[in-house]
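A short write-up of the structure that comes next.
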Amino acid sequence: MQLILYVVLFSCLQSVSCQQIWDIWQTTWDRQKLFTYFQPSPAPINFVTPGPTASADIVINDTSVYQTIYGFGASLTDSSAQLLFNLKNQNSGSYWSLMDYLFDATDGANAAGFSYIRVPLGASDFSAKSTRISLLYDILLNPFPVRTLAYSYDDVYGDAALYQFDIGVTPSYVFTILRDILSINTQVKVHVLPWSPPGWMKQGTMNGGSLNPSYISVMANYLLKSLQGFQSQGIPVYAISIQNEPENSNPTYPTCNMPVSTEGQIGIALRTLMDGNGFTSTKIIGYEHNWVDAANYPVQLMQQMGSAFSGVSFHCYEGSVSDQAAFTSKYPNKEVYFTECSGTIGSDWWSDIKLHREHNVWLIFGFDVEPCARWEWKSEAAGD
């Protein structure tokens with residue numbers, strides 16, 4: 001029977017010979033077992049001299065040290081937060097059981113212990129439909145009013161001083177879910193980023209287009225206020241990115257084409273603002289796009305404005321994980337994040353899970369990735 005095993009290893013002093021396997025989670029191709037926990041019998045399995053040919057050997061070399069792993073997780077969009085919030089209201093016991101299973105990192109807990117959450121600043125392609133009505137001021141002065149699916153934290157046309165910035169336009173259940181997660185696991189790292197600047201900083205809409213360069217400093221201030229807004233909601237932010245997928249302009253959902261020079265200038269301005277406002281420990285992560293351009297955009301970003309950025313992050317939708325080497329070979333001291341991947345790749349469930357496991361989970365750690373985050377936790381349907 002084909003299966004996937006996840007094992008937990010416990011060490012005895014510093015010797016490989018003392019490594020032991022106490023816990024196993026098993027998934028089988030026929031779904032009879034789905035991440036099912038059991039202990040081997042007899043327990044534990046001791047690491048010994050490799051067995052005869054054809055045995056399945058797990059080889060550990062504890063003299064080789066690679067990158068620090070900051071965490072594993074996924075994105076919490078408006079839609080996934082709404083789904084979880086609805087479960088909380090409908091069946092509180094099931095909700096807390098699920099949340100414990102996902103986020104409890106207590107040693108020995110039968111739980112995933114996820115520790116990294118990526119959160120959109122404003123609307124994304126998975127934002128629940130908003131019933132919020134644009135201000136009359138917007139309607140009169142903005143020929144391209146913000147649509148119901150797209151919202152930012154300041155949709156008042158031309159408000160360069162950001163007087164109308166309001167973190168409260170975020171659906172309240174997003175912060176409710178985040179606070180619940182942090183109540184279970186205080187070590188969770190929250191990574192925030194916009195899918196688009198406010199529409200009035202672009203061509204009048206959040207869907208597609210590019211940032212007007214005259215708003216570079218305004219956008220930096222917008223991101224600072226976003227950090228302050230999350231702080232006011234009791235959510236500490238581990239990292240912030242300037243723009244999700246800066247080489248993607250799609251007219252059907254919040255996106256923004258952002259050249260290297262623009263992202264770099266925002267990063268420099270934002271780093272100064274953060275350092276002057278109590279966010280010196282919060283990281284700025286650049287790029288946030290596909291492997292295919294690893295040799296260009298993130299490299300140029302480090303060349304031009306690298307002092308502002310702790311590192312860069314990659315997505316899986318174009319290119320190969322091996323493309324990351326074009327970046328890491330030039331900037332081995334910069335952090336590398338893997339922050340988004342989803343989709344159906346094979347012809348069936350088992351093919352998909354094997355491919356994602358082999359190509360998008362195990363292989364990325366051979367190319368210096370430090371945290372790994374999939375796309376959404378769960379949503380009922382795109383945009384719903």
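When Pro198 is tested against (1) of a type outside the set (Asp, Glu); (2) touching an Asp or Glu at 6+ places or on another chain (Cβ under 8 Å); (3) under 25 Å from Gly319 (Cβ atoms), only condition (3) is not met. Can we say Gly234 is within 19 Å of Gly122 (Cα to Cα) and open to solvent by 30 Å² or more (accessible area, probe 1.4 Å)? Criteria met by Gly234. Are any residues in the range 292-317 at pLDDT below 95 and over 17 Å from Gln243 (Cβ atoms), and if so, which ones? Listed by number, the list holds a single entry, Cys316. Say whether the condition of being closer than 23 Å to Trp350 by Cβ, surrounded by fewer than 11 Cβ atoms within 10 Å (Cβ to Cβ) and modelled with pLDDT under 85 is met by at least one residue in the range 10-33. There is no residue in the range 10-33 that is closer than 23 Å to Trp350 by Cβ, surrounded by fewer than 11 Cβ atoms within 10 Å (Cβ to Cβ) and modelled with pLDDT under 85.
Within the option set Ser261, Ser210, being touching a strand residue (DSSP E or B) at 6+ places or on another chain (Cβ under 8 Å) and closer than 19 Å to Trp195 by Cα holds for one residue only, Ser210.
Could you tell me whether Glu380 is at pLDDT below 95, touching a Ser or Thr at 6+ places or on another chain (Cβ under 9 Å), acidic (Asp, Glu) and surrounded by 18 or more Cβ atoms within 10 Å (Cβ to Cβ)? No, not satisfied.
Filtering the range 63-95 to residues that are of a type in the set (Ser, Thr, Tyr), closer than 20 Å to Gly168 by Cα and free of Cβ contacts under 8 Å to residues at least 24 places away in the same chain leaves nothing.
Taking the range 250-302 as the range and being over 21 Å from Ala326 (Cβ atoms), of a type outside the set (D, E, K, R), over 20 Å from the mean Cα position of the chain (by Cα) and open to solvent by 30 Å² or more (accessible area, probe 1.4 Å) as the test, the residues that pass are Asn250, Pro251, Thr252, Gln265, Ile268, Ala269, Thr272, Leu273, Gly276, Asn277, Gly278, Thr280.
Filtering Phe85, Phe103 for residues that are open to solvent by 50 Å² or more (accessible area, probe 1.4 Å) and modelled with pLDDT of 90 or more leaves a single hit, Phe85.
For the range 237-249, a residue qualifies if it is more than 11 Å from Trp195 (Cα to Cα), open to solvent by 10 Å² or more (accessible area, probe 1.4 Å) and under 13 Å from the mean Cα position of the chain (by Cα), and the qualifying residues are Val237, Tyr238. Taking the criterion of being crowded, with 21+ Cβ neighbours inside 10 Å, among the aromatic types (Phe, Trp, Tyr) and within 12 Å of Trp291 (Cβ to Cβ), the residues of the range 314-345 that qualify are Phe314, Phe327, Phe338. Of all residues in the range 253-288, exactly one satisfies the criterion of being closer than 12 Å to Ile242 by Cα and aromatic (Phe, Trp, Tyr), namely Tyr287. For the range 147-197, residues that are under 16 Å from Val237 (Cα atoms) and among the charged types (D, E, K, R) total 3.
The values are calculated or read from the model by the stated rules, or taken from the named source; none is laboratory data. Model, not experiment: these values are computed from the prediction. For neighbour counting, all protein chains shown are included, and Cβ atoms are generated from backbone atoms with ideal geometry for every residue, glycine included. Quick note on the areas: whole protein, heavy atoms, side chains included, nothing else; ligands and nucleic acids left out. Shrake-Rupley method; radii C 1.70, N 1.55, O 1.52, S 1.80 Å.
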